[in-house]
Amino acid sequence: MYNNSSVTLASLPIEIVTYILSLLPQFALLPLRCANRQLSFIATTFAFRSVRLQAHGSSSAHFISIAKSEKLSPLVREVTCDTWIGPNFEYRAHGDYLILPGFLTALPFLASLRNVKALHLRFHRDCSRLDSYDEAEELPDIRFRILDTIFQSLAGTWSAQRQQEIDQSLQMCPTLYDYKATTFPAPEIASPIALTTLTVSNLADFDDPRVKTSDAFKKVLSSTSLTDLKLFITSETYGDDREWMTENPEKFDMFENLPGTWLSPVAANLTVLSLYFHEYWGWFPKMDFRLVGSLPHLKVLALGKYTFSHEWQVDWMASLGLEELYLDDCYILYQANCPMPMDHTTTVVGQDPKGDDIIISNEGFMRRDIWVSGDNIERIKFPLRWHTIFSRWQESMSTLKVFKFGYGSWEQAPKETRLANYEGNPRKPSNTAVQNHPFEHNAFRYFDCPAPGSKGDKYRKGTGLAKIKNLEFQYLYHETTDWTGWEEWVDIRREDADEGEWELDENLGAKDKAALDLLVSVAEERRITGAISRPL
């Protein structure tokens, strides 16, 4: 009889050992570097595939050491740059915001990690405009400094001289008033990094002209290697409760320009696109996907808090040839109080093969020059319903294999992810905030993970979308400047409203659920069997 007690990890074929080690978390890999030469080589390869640069502690020194190492720097495939300054600082408490100079010094060493394929940039959720310095600690100049250094490093255009000139022109924080880097990547590298994945958490909801006009920014986004883009846009807020600033004009500029700034340059190469916003978006602020241009290779689309209001949105998504579609806490605009007149203009978005203009209509959107005044309000009802959308997609999205409609863990670290990463981990941080922080604000990245409610290593990165129990709650009423969902309307607002001000169609929730279940089952069958149906 075979005695399996004599089998050791080192006695297994190298391919099996490599596979086993590829599944281990970093804390389990590091001790294996001391086992023997073979295990040390394999464990080191996986232990340094992913590195973090954080704006607190000794992270900056470790990052620079790895970047300078001829043995370790080629192993790095994934980098996370996180601006959080640690658990001892309370944001929005008007304390002294002291970002470590070492963090800024370490950023350009990204250029030394030549094999990096994925970059994750994590800002704090609080942001402010260029002319607003009274709320958010991460001032626009600090955010620009970080973005600019990263894009210059990725594009291969970073230089110490230019960096020093930039730093002298910025208004940042007290610890950086006299900041001058003394350690630089050597030699300065003038070739771009072939990045495949870029994620930005808590991107500010305003266009910084210094970023969007940067040649380095344009070069990175237009790179043919970049195929996976995920953006989580945060919103400028005010007060301790972080109330939304709904009338911020820079926010509307940002979303109207988003197709041209962040999306069009990369559209031809994208296979994965994730767009999330802390507020409702799509109708107000308006973001028109028709302005992006062709997305010939897009297979996965994830949207967070996106609002459907027009038939063309449904048709546009159906035309993409998607294999996976994730709608995270998305809504339908049921009705809105709108200042008259509405927008009746058209926009030319290009030309067809015959040279004729391709014209799109802006009907059904508010005019920005009118809505601020708030005069001559009319209540407009919108005809879209979830069951009509789901039914249409079930017939027209012939390549769809995965459809998820639910809500993710937007703010908090999922308990399943904490357990998967820290159970049995001797290197677990003692501070709870430090434990949780890497897994917060990650819904826009891990929408395709298993749904919460179980446990295991499958949750190590994050949790996917939980099911929505009542689809009626996914309808919105826009009351001039404020949004009200059906759940809030029923629980709080309806008793103080005019009679009949907002009522849903009869049996709407049941119709929506039936259509959703059918769409999900058809997509799941296609995923399992591999069959591709053709639209009628």
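Nothing in this text is a laboratory measurement; each read-out follows from the coordinates by a stated rule. Predicted model, so just to flag it, every value in this text is computed and none were measured. FYI the Cβ positions are ideal-geometry reconstructions off the backbone, even for glycines, and counts take in every protein chain you see.
In terms of packing, defined here as the mean over residues of other Cβ atoms within 10 angstrom, the peptides 515-521, 179-185, 325-331 line up highest first as 325-331, 515-521, 179-185.
With a Förster radius of 41 Å applied to the C-beta separation of residue 492 and residue 419, the computed FRET efficiency comes to 0.70. Considering every alpha-carbon pair of the chain, the percent of pairs per 20 Å bin, from zero through the bin containing the longest distance, is 19, 52, 26, 3, 0. Computed on the stretch 308-389, with alpha-carbon pairs under 8 angstrom and 6+ residues apart, the relative contact order is 38 percent. Averaging the sequence gap over all C-alpha pairs within less than 8 Å and six or more residues apart, then dividing by the number of residues, gives the chain a relative contact order of 10 percent. May I ask for the angle, rounded to the nearest 10°, between helix 59-68 and the longest principal axis of the chain, with both axes built from Cα atoms and the value confined to 0 to 90°? Tilt of helix 59-68: around 70 degrees. Annotation: peptides 86-96, 136-146, ranked by per-residue average of other Cβ atoms within 10 Å with the highest first, follow the order 136-146, 86-96. Charge dipole (Cα centre; +1 on Lys/Arg Cβ, -1 on Asp/Glu Cβ; no other charges) of the chain amounts to roughly 3480 debye. Centre-to-centre, using Cα atoms only, the stretch 358-436 and the stretch 272-288 are separated by 8 Å. Placing pseudo-labels 7 Å out from each Cα toward the beta carbon at residue 518 and residue 402 gives an inter-label distance of 2.5 nm.
Between the beta carbons of residue 65 and residue 376, assuming R0 = 56 Å, the FRET efficiency works out to 0.30 to the nearest 0.05. Compared with the alpha-carbon gap, the fully stretched path from residue 395 to residue 290 is longer by 35.6 nm at 0.36 nm per residue. Against the chain, whose longest principal axis comes from its Cα atoms, helix 37-47 is set at around 30 degrees. So which aspartates and glutamates pass the test for residue 212, namely a Cα distance under 12 Å, with those fewer than 8 places away in the same chain ruled out? Excluding near neighbours in sequence, the set is 148. Helix 160-169 against the longest principal axis of the chain: what's the angle in degrees, Cα atoms only, rounded to the nearest 10? With rounding to tens, the tilt is 50 degrees.
For residue 122, neighbours were defined as the other residues whose beta-carbon sits under 14 Å from its Cβ, and their charges (Lys and Arg +1, Asp and Glu -1) total -1. Beyond 25 Å in Cα-Cα separation lie the following of the pairs 381/513; 68/230; 305/467; 299/404; 219/401: 68/230; 219/401. Projecting the Cα atoms of 112, 171, 147 onto the charge dipole of the chain, computed from C-beta unit charges around the Cα centre, puts 112 farthest toward the positive end.
Compare the Cα positions of 73, 99, 387 along the charge dipole of the chain (+1 at Cβ of Lys, Arg; -1 at Cβ of Asp, Glu; about the Cα centre) and return the one farthest towards the positive end. Looking along the dipole axis, the top candidate is 73.
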